[in-house]
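**Q** Before anything else, here's the structure in question.
Any read-out appearing in this document is the output of simple, stated calculations on the displayed coordinates, not a laboratory observation. No experiment lies behind these values; they were computed from the predicted model shown. When we count neighbours, we look across all protein chains shown, and the Cβ atoms used for this are built from the backbone with ideal geometry, even at glycine.
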Amino acid sequence: MKKAVFFFILMVSVLSCNATDAWKDREGFVDPEKVRAAAEVKPHPRQLAWQQLELTCFFHFGINTFTDVEWGDGTEDPKLFNPTELDCRQWVKAVKAAGFKLAILTAKHHDGFCLWPSKYTTHDVASSLYKNGQGDVVKEFVDACRAEGIKIGIYLSPWDRHEKTYGTDAYNDYFDNQINEIFDLYGPDIDEFWFDGANGEGPNGKKQVYDWNRFYKTIRERNDNCVIAVSGPDVRWVGNESGLARESEWSVVPATARDQDDIAAAFEEGGFHYENITPEEMEALGITSYNYDASSEYMGDRVAISAAEEAIWYPAECDTSIRPGWFYHDYQNLQVKSLAKLMDIYYKSVGRNSVLLLNIPPDKRGLLHDRDVKRLKEFGDTIKEIFGENRAAGAKRTDSEVSGENYQMTVELDLGEEKWFNRLSIGENIANGQRVEKFALEVWNGRDWKEVERSTTIGYKRLLKFPLQKAQKVRINIVQSRYIPEISSIGLYYSSLY
Ligand code: FUL
């Protein structure tokens with residue numbers, strides 16, 4: 001009996017601990033004016049359009065597919081590239097059926113091998129056996145995307161382990177020329193350029209000093225709607241390759257998050273940061289700038305914003321692969337991520353104010369493997385099944401007044417009758433910024449409002465999983481916001497499994 005009482009007390013304290021932890025503030029200097037100003041930072045229309053895609057994908061395909069490695073060194077024989085059944089339409093159909101809206105092809109990876117016939121190098125498809133050197137994979141890819149209505153993304157690795165000019169100013173010309181070449185041949189409707197953060201040595205042992213602003217200017221001139229990701233100003237790498245956003249994911253972060261040298265350092269050294277100290281302490285330590293840690297769990301929180309000179313809209317993209325590697329390897333055929341794993345990633349990427357970038361690597365034939373195609377279909381079907389029926393559709397919504405220095409308010413929904421649900425989808429009108437810091441989901445049990453779940457940021461979309469509820473009235477209790485909350489969508493759903 002004693003044991004049972006002890007266990008009960010332990011469980012109660014563990015549960016209440018968890019509940020309060022979600023709202024626990026980090027210790028540190030907070031400047032209310034800067035926090036308030038951060039709520040005014042808004043996305044560029046190209047960033048907003050990108051965020052609304054939710055599901056985007058990668059196709060890692062190239063010379064590595066044939067040499068069976070993850071990073072080629074640029075010395076591989078182009079003749080090895082020879083897909084026997086290449087069908088980009090098969091790739092694009094598979095991802096489209098699963099709900100993906102944009103696909104990115106690795107037109108050039110770190111080995112420098114180009115999947116299009118480039119007039120600036122011979123390390124490309126034109127020197128391969130594929131269609132006797134007459135093939136053009138980038139063209140086949142963009143044609144397939146256009147035919148299926150999928151947006152187009154191009155991955156062009158700045159780091160080039162083949163190109164002889166790498167490490168000199170001439171390489172900046174080479175890289176800029178290739179960006180222009182891509183637009184000349186396949187543009188202008190390229191919606192995402194993906195520049196990797198990895199920056200190693202070239203064939204002559206030199207590292208490149210990139211002329212980033214020149215590359216960005218070229219892209220802006222060719223298509224102002226195109227977002228530039230990772231080593232670029234529009235889309236931020238989330239900080240891991242597991243497809244997981246932070247529990248609190250802010251799209252408004254210190255401007256230093258966009259500093260290219262810091263991004264490269266973060267890739268190499270795991271990064272470093274000083275956001276937990278006051279400006280006075282920074283001065284005393286001789287630190288002049290707030291440094292960047294791509295994986296800091298505090299990215300964009302009040303303390304980080306308070307230490308920043310400037311805050312910018314720089315939303316997170318969560319990249320991960322459906323298999324352990326980015327490129328296809330036969331021996332990984334039994335390691336395709338499970339549906340449960342993919343759904344967990346979905347809740348923790350799209351469901352945490354981020355865009356998912358899922359890689360599905362085509363094999364040596366130039367086709368997606370059956371196992372990957374099957375898993376993609378299950379993934380898309382499961383999302384549609386869960387989120388296809390919104391049990392809050394047509395509900396009567398009542399917003400309270402906003403009060404207090406934390407802009408508290410409630411949004412109440414009357415569902416018209418009692419309904420069962422165990423998933424919440426909620427969104428802010430991010431065209432006006434990201435504001436909510438702490439909220440709770442509550443249900444009316446006939447006498448009182450009962451708290452079901454506590455959470456933190458919302459942003460474009462927040463998904464919550466919680467135990468099954470039956471209620472007619474539901475309330476979102478916003479307990480802390482940086483400015484007047486603008487809740488633009490609320491959905492309630494039921495899922496038996498995921
Ligand atoms: C990394 C690269 O080094 C990997 O090969 C892969 O392309 C991944 C998406 O980005 O930085």
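**Q** Placing +1 on the Cβ of each Lys and Arg and -1 on the Cβ of each Asp and Glu in the chain, which of 135, 250, 368 has its Cα farthest towards the positive end of the resulting dipole?
**A** 368
**Q** Just grab the label-to-label distance for residue 432 and residue 468, each label 7 Å out from Cα along the Cβ direction, in nm (one decimal).
**A** Placing both labels 7 Å along Cα→Cβ, they lie 3.8 nm apart.
**Q** How much space per residue, in cubic angstrom, does the convex hull of the C-alpha atoms of segment 100-187 take up? Display every interim value, and only then the final one.
**A** Values: hull volume 8.1 nm³, N = 88.
Spelled out: Cα convex hull of segment 100-187, divided by residues, is 92 Å³.
**Q** In addition: What FRET efficiency would be calculated for the residue pair residue 82, residue 334, taking the C-beta separation as r and a Förster radius of 22 Å, to the nearest 0.05?
**A** Numbers: r = 26 Å, r/R0 = 1.17.
About 0.30, to the nearest 0.05.
**Q** In debye, nearest 20, what is the charge dipole magnitude of the chain about its Cα centre with +1 on Lys and Arg Cβ and -1 on Asp and Glu Cβ, if you could check? Please report the intermediate quantities before stating the final value.
**A** Values: 60 positive and 78 negative charges, 441 e Å.
Around 2120 debye, computed over the chain.
**Q** Given the rule -39500 (n - 2.57) for each run of at least 4 DSSP H residues, summed and divided by the residues of the chain, what is its mean residue ellipticity at 222 nm, to the nearest 500 deg cm²/dmol? Write down the numbers at each step before the final one.
**A** Numbers: 13 runs with 141 residues, N = 498.
Value at 222 nm, helices only: -8500 deg cm²/dmol.
**Q** While we're here: Give me the dipole magnitude in Debye, nearest 20, for segment 396-493 about the Cα centre, with unit charges on the beta carbon: positive for Lys and Arg, negative for Asp and Glu.
**A** Values: 16 positive and 14 negative charges, 77 e Å.
Rounded to the nearest 20 debye, it is 360 debye.
**Q** Which of 466, 476, 445 sits closest to the plus end of the dipole of segment 396-493, meaning its Cα is farthest towards the positive end, when Lys and Arg get +1 and Asp and Glu get -1 on the C-beta?
**A** 466
**Q** Here is a follow-up. Taking the Cβ of residue 336 as the centre, find all other residues whose Cβ is under 13 Å away and add up their charges (Lys, Arg: +1; Asp, Glu: -1).
**A** Values: positive: 323, 337, 341, 371, 374, 375, 377; negative: 330, 363, 370, 372, 378.
Net charge in that neighbourhood comes out at +2.
**Q** Take every Cα pair under 8 Å in the chain that's 6+ residues apart, average their separations, divide by the length, and report that relative contact order as a whole percent.
**A** Values: 1086 pairs, mean separation 87.6, N = 498.
Over the chain, the number comes to 18 percent.
**Q** Mind jotting down the three principal axis lengths of segment 153-241 based on Cα atoms? Whole angstrom, largest first.
**A** Answer, in whole Å and largest first: 36, 33, 19 Å.
**Q** With only Lys, Arg, Asp and Glu charged, each at its Cβ (+1 for the first two, -1 for the last two), find how big the charge dipole of segment 168-262 is about the Cα centre; round to the nearest 20 debye.
**A** Numbers: 9 positive and 20 negative charges, 40 e Å.
With only Lys, Arg, Asp and Glu charged at Cβ, the dipole is about 200 debye.
**Q** Percent relative contact order of segment 36-154, based on C-alpha pairs within less than 8 angstrom and at least six residues apart? Before the final figure, lay out each step's value.
**A** Values: 169 pairs, mean separation 34.0, N = 119.
Result for segment 36-154 is 29 percent.
**Q** Another one. With label points built 7 Å along Cα→Cβ from the Cα atoms of residue 405 and residue 365, find their separation and express it in nm.
**A** Those two pseudo-labels are separated by 6.5 nm.
**Q** How high is the relative contact order of segment 396-493, in percent, with contacts defined as C-alpha pairs under 8 Å that are six or more residues apart?
**A** Working: 239 pairs, mean separation 41.0, N = 98.
Reported as a whole number, the value is 42 percent.
**Q** Hey, quick one: spin label on residue 393, modelled 7 Å out along Cα-Cβ, who in segment 454-498 has an amide N within reach, i.e. under 17 Å?
**A** 489-495
**Q** May I ask which residue of 58, 424, 179 lies farthest towards the positive end of the charge dipole of the chain, with charges of +1 (Lys, Arg) and -1 (Asp, Glu) on Cβ and the Cα centre as origin?
**A** 424
**Q** Pairs 42/396; 34/207; 42/419; 101/364: which exceed 32 Å Cα-Cα?
**A** Details: 42/396 29 Å; 34/207 38 Å; 42/419 36 Å; 101/364 25 Å.
Violating the 32 Å Cα-Cα cut-off are 34/207; 42/419.
**Q** What is the mean projected area of the alpha carbon convex hull for segment 34-150, to one decimal in square nanometres? Mind dumping the intermediate values first?
**A** Working: hull surface 40.9 nm².
Projected over every direction and averaged, the Cα hull of segment 34-150 covers 10.2 nm².
**Q** Between beta-carbons, use under 14 Å as the cut-off and find the net charge around residue 224, counting Lys and Arg +1, Asp and Glu -1.
**A** Numbers: positive: 46, 217, 220, 222; negative: 189, 191, 192, 221, 234.
So the environment of residue 224 carries a net charge of -1.
**Q** Still on this structure, please answer the following. Taking θ = phi - 60°, what integer Hz values does the Karplus form 6.51 cos²θ - 1.76 cosθ + 1.60 yield along segment 470-479, in sequence order, with x for Gly and Pro?
**A** Running phi through 6.51 cos²θ - 1.76 cosθ + 1.60 with θ = phi - 60° gives 10, 7, 9, 10, 10, 9, 9, 9, 8, 9 Hz.
**Q** Could you give the Stokes-Einstein D for the chain in µm² per second, using the C-alpha Kirkwood radius, 25 °C, 0.890 mPa s? Don't jump to the answer; show the numbers that get you there.
**A** On the way: Rh = 24.3 Å.
For these conditions, the coefficient is 101 µm²/s.
**Q** Expressed as a fraction of 2.2 N^0.38 Å, the rule-of-thumb size for a compact globular protein of N residues, what is the C-alpha radius of gyration of segment 396-493? Walk me through the numbers before you get to the answer.
**A** Values: Rg = 12.7 Å, N = 98, 2.2 N^0.38 = 12.6 Å.
Normalised Rg, Cα atoms only: 1.01.
**Q** I need the shape label for segment 397-452. Rule: rounded when a/c is under 1.5, else prolate if a/b > b/c, else oblate, with a, b, c from the alpha carbon gyration tensor.
**A** Details: a/c = 2.05, a/b = 1.55, b/c = 1.32.
Taking the square roots of the gyration eigenvalues as a ≥ b ≥ c, segment 397-452 is prolate.
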